[in-house]
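Undergrad: The structure follows.
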Amino acid sequence: MRFGYGTAVVLLAVLAGGCSKPRTDAVERDRGVSGVATLAATEHGLIDILDPLDGALFPLEIAPPTFRWQDKNPACDTWRVEVRLQDARPMQFLSGSQQWTPTAESWQSIKRQSRQTDAVVTILGASLAAPDAVLSRGSVSIRTSIDEVGAPIFYREVVLPFREAVKDPSRIRWRFGEISSNEQPPVVLEKLPVCGNCHSFSADGAVLGMDVDYANDRGSYAITPVDKEMILDDEKVITWNDYKREDGEPTFGLLSQVSPDGRYVVSTVKDRSVFVATEDLEFSQLFFPVKGILAVYDRKTKAFRSLPGADDPAFVQSNPSWSPDGKYLVFARSKAYRLKHVRDDAPALLTAKQCQEFLEGGKTFLFDLYRVPFSGGEGGTAEPLAGASGNGMSNYFPKYSPDGKWIVFCRAKSFMLLQPDSELYILPSQGGEARRLECNTPRMNSWHSWSPNGRWLVFSSQAFSPYTQLFLTHIDQQGASSVPVLLSRFTSPDRAANIPEFVNTRSGAIEGIVVNFLDDYNFFRAASAFLNNGRDTASAAPLLRKALELNPDHIRSRLELAAILTEEGKFEEARAHINHVLAIEPDQIDALHGLAVILAKEGKPEEAADQCRRALEISPDSPVAHLNLGQTLLETGRLDEAVEHLAEALRLRPDDAMTNYYWGTVLHRRAKPLEAATYYRRAVELDSEFIPAMLAIATLCIANAQADPAQIDEALALAKKASDRTSNNDLQVLRVLAAVYAVNGQIDEAADTARRARDIARVVGDQDSVARIQRMLNLYEEIQAESRK
């Protein structure tokens, strides 16, 4: 039985599915069977087909894609998909939503018939209320390549913004799978509590290398034969810090690459990099090296050496890529740069504060591509690669084609990695004219890899989402690329897919990667990341307990866990951890400080001061010991004695935020508000997240509001920031914010904030605070009542 288009649309309203079996006969509606004239194409409403793009070329083995479109006619609620092929009757499908996925049978038929000619896919929109009227139309042409991809893809998924991945590396996972699968590639590595970064494979897919953090060494690198079940253990880990360890310079060793034959690995060592995680969801990381040389590790001799021609300390040399025969390396190079106020002994990864000239100062940093002979590690003269150097742009991430004919690289206005304007260019491997690839999307194109047969390129882009997705493009013999094809099944909705790499092996060659080198310090470092980024104690505590399971005598884990327990009011358990530490090291100063904090919270200030004095006897020049004793004395009202120790703490450590805050408190209590404000502001400059100093400044601004009303703007900004940083859940912060609102005349906001503070005080059982806040709230409510009269 055959149905006209209107009848089929009515049936679709009954059916629950988004797909139907294809019809290969002509459409009666378009032939005017119902007696209603068909609208001309120019009179139809516009349908934007989002994916695939017009001119898309699909690999021979790819699984059915999902066609997605946007219908600008709000009256449309059902759509017909028509696939027309040369010399064949059109195939027709119905969808009740603005997407459609062909069945495996239909897709095979479409691919088979579109190898020599285009298939034209037309989307026609209609309404169930008037099914015979075509209200909108859009179409694209697609084609199937005779070339297979021929290899699975290994790639990483990262949560965003990137600072969340830094806080909890265990949420990063790696997948491995074929484009021919109807399922998302399976996860082969996950729940790694330390950072894992760039990975690479040998040309035959037999060797895997991966950057990992191991045993408190960020220069660690794992190298292992590829197998279905791989175990990364101590024997498979090297460290780039072993290259000239005696000179004391730190190495992070990112962007390492395994040689085509699997014998060598090359990386940047003695490096320093801008490595900043930001709040921005779309581009939440800024990374590029400003210092470093290339070094090579020989797996056969187990020796490290620098690579002559790419080891000049006057330049930063990074991001190396091997030619397929292993005879050359292409790398990104720029003049080495020393940031302002960064000491020579600073860590390899620079902080946001150290990088302000790049983040806010507008300074750019450009890379050129250079080529150097490898010569078995002997190196040679590095020469700029024509077409990818000296062009006023930043050039990076070079990748040779498997036949050695081409290099595809990234180009952006500045920097490296996650640049919104990053685009893919191709040029002859010897250098020459660089051409922009047709596959580039409007936003961020990077992290690319050639298929082993040299016919396809996989890359990441943010074309459709702030979460990077994987795309394919075909590269022909002349180096021309096709429009990008989205690998929709490869992407999770809550992860960014990046660092994709084709692996020259069979499907299922990797089923699982097990990490067997994690020790107590790995878990401690993972916990520290949570504590140093927003002090997420709920996530840190289980990791600290895991560290103590592996090593009951791990002192730092016990002390950090004791601090968390103290914050939670679990004093006895906290004291037990501290006593364990003191049993191992009776003079452990931090343990004495922790015990002093517990005693102070238990209302035993004299005993707390005794512990601080004991710590000071052990280490008379300890700024922390002076600070803690001064703080304890200050909080017990012994101002003159406190001043002596706080002044010494400030002398010993003038750039410490907490020390400046407490010296400001001394000045405040001595009725010197202007001087106090100077030190409070200094504390916030040193630590932009230091909430007590924010509140202290806001309080001073309130007191001075009558003389200088403009100060209320600063007070309000600081109080709001403090409230945001504490998830609007801190009693003291809310009390100050309510007061600022009130002084600023925002009585409704003041009352709402006071109510929240009162409710929190009730929950924690702080009846004194409940009474004080209620008196504030009564005043605000009286003012509200007066304003309504």
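Undergrad: Would you mind working out the magnitude of the charge dipole of the stretch 81-179 relative to its Cα centre, with +1 at each Lys and Arg C-beta and -1 at each Asp and Glu C-beta, to the nearest 20 Debye? Could you put the intermediate results ahead of the total?
TA: On the way: 13 positive and 11 negative charges, 60 e Å.
Rounded to the nearest 20 debye, it is 280 debye.
Undergrad: For ILE49, what residues show an amide H to amide H distance below 5 Å, using hydrogens built from the backbone and excluding near sequence neighbours?
TA: HN-HN under 5 Å from ILE49: GLN70.
Undergrad: Could you rank ARG115, ARG725, ARG156 by how accessible they are, 1.4 Å probe, largest area first?
TA: Numbers: ARG115 100, ARG725 120, ARG156 20 Å².
Ranking ARG115, ARG725, ARG156 by accessible area, largest first, yields ARG725, ARG115, ARG156.
Undergrad: Nearest 10 degrees is fine. How inclined is helix 731-743 to the longest principal axis of the chain, computing both from alpha carbons?
TA: That helix lies at roughly 90 degrees to the long axis.
Undergrad: Using the Cα centre as the reference, give the magnitude of the dipole from point charges on the C-beta atoms of the stretch 701-758 (Lys, Arg: +1; Asp, Glu: -1; all else neutral), rounded to the nearest 20 debye.
TA: Charge dipole, the stretch 701-758, about its Cα centre: 300 debye, nearest 20.
Undergrad: Now a separate question. Tabulate in residue order the Karplus-calculated ³J(HN,Hα) for the stretch 563-577, using 6.51 cos²θ - 1.76 cosθ + 1.60 with θ = phi - 60°, rounded to whole Hz; enter x for Gly and Pro.
TA: Result, ordered by residue: 5, 5, 4, 5, 4, 7, x, 8, 5, 5, 5, 4, 4, 4, 5 Hz.
Undergrad: While we're looking at this one, here's another question. Working only with C-alpha atoms, what are the Rg and Dmax values of the stretch 608-756, expressed in angstrom?
TA: Calculated on Cα positions, Rg and Dmax stand at 16.7, 54 Å.
Undergrad: Here is a further query. Roughly speaking, what is the stretch gain from ARG305 to GLU567, that is 0.36 nm per residue apart minus the C-alpha to C-alpha distance, in nm to one decimal? If you can, show how the numbers build up before the last one.
TA: Details: separation 262, 0.36 × 262 = 94.32 nm, distance 4.91 nm.
So the extension gain works out to 89.4 nm.
Undergrad: Could you grab the relative contact order for the chain? Cα pairs under 8 Å, six or more apart, rounded to a whole percent.
TA: Working: 1750 pairs, mean separation 63.4, N = 789.
8 percent.
Undergrad: If I take the Cα coordinates of the stretch 55-107 and project them onto the principal axes, what are the three extents in Å, biggest first?
TA: Projected onto its principal axes, the Cα set of the stretch 55-107 covers 37, 23, 22 Å.
Undergrad: Please name whichever of ALA463, VAL485, GLY248 sits farthest to the positive end of the charge dipole of the chain, dipole taken about the Cα centre and charges placed at Cβ: Lys and Arg +1, Asp and Glu -1.
TA: With unit charges placed on the Cβ atoms, the residue in question is VAL485.
Undergrad: How much accessible surface does LYS570 have with a 1.4 Å probe, in Å² rounded to 10?
TA: 100 Å²
Undergrad: Output the 0 to 90 degree angle, nearest 10, between the alpha-carbon long axis of helix 673-686 and the longest principal axis computed from the alpha carbons of the chain.
TA: Between the helix axis and the principal axis of the chain, the angle is about 40 degrees.
Undergrad: For every helix of n ≥ 4 consecutive DSSP H residues, a contribution of -39,500 (n - 2.57) applies; sum these over the chain, divide by its total residues, and give [θ] at 222 nm rounded to the nearest 500 deg cm²/dmol.
TA: -10000 deg cm²/dmol
Undergrad: Taking the 0 to 90 degree range and rounding to the nearest ten, how far is the long axis of helix 589-601 tilted relative to the main principal axis of the chain, both from C-alpha atoms?
TA: Computed tilt is about 80 degrees.
Undergrad: Starting from the amide H of SER389, placed 1.01 Å from N in the peptide plane, find each other amide H under 5 Å away whose residue is 5 or more places distant or on another chain.
TA: So SER389 has HN proximity to LEU369.
Undergrad: Over the stretch 588-696, average the accessible area per residue using a 1.4 Å probe and give it in Å², no decimals.
TA: 46 Å²
Undergrad: Right, something else. Considering the dipole of the chain built from charges on the beta carbon (Lys and Arg +1, Asp and Glu -1) around the Cα centre, which of TYR221, ALA529, GLN706 is farthest to its positive end?
TA: Of the listed residues, the answer is TYR221.
Undergrad: Roll a 1.4 angstrom probe over the protein heavy atoms and tell me the percent of accessible area of the chain that is carbon or sulfur. Display every interim value, and only then the final one.
TA: Values: 16810 of 34060 Å².
That share works out to 49 percent.
Undergrad: Additional query: Mind listing which GluC sites (Glu not before Pro) in the stretch 490-566 are in a DSSP loop and have 12 or fewer other Cβ atoms within 10 Å?
TA: GLU511
Undergrad: Okay, next question. Over the chain, with a single point scatterer placed on each C-alpha, what log10 of the ratio I(q)/I(0) does the Debye formula yield at q = 0.10 1/Å?
TA: Values returned for q = 0.10 Å⁻¹ are -1.13.
Undergrad: Right, something else. Taking square-rooted eigenvalues a ≥ b ≥ c of the alpha carbon gyration tensor, is the stretch 70-222 rounded, prolate or oblate, where a/c under 1.5 means rounded and, failing that, a/b exceeding b/c means prolate?
TA: oblate
Undergrad: Right, another one. Could you size up the charge dipole of the chain around its Cα centre, putting +1 on the beta carbon of Lys and Arg and -1 on that of Asp and Glu, and report it in debye to the nearest 20? Each step should come with its number before you reach the end.
TA: Details: 87 positive and 105 negative charges, 341 e Å.
Here the chain has a charge dipole of around 1640 debye.
The values are calculated or read from the model by the stated rules, or taken from the named source; none is laboratory data. Only a predicted model underlies this, so the values are computations on that prediction, with no experimental measurement involved. Here Cβ is always computed from backbone atoms with ideal geometry, including for glycine, and neighbour counts include all displayed protein chains. In case anyone asks, the SASA skips ligands and DNA or RNA and just uses the protein heavy atoms, side chains included. Shrake-Rupley method; radii C 1.70, N 1.55, O 1.52, S 1.80 Å.
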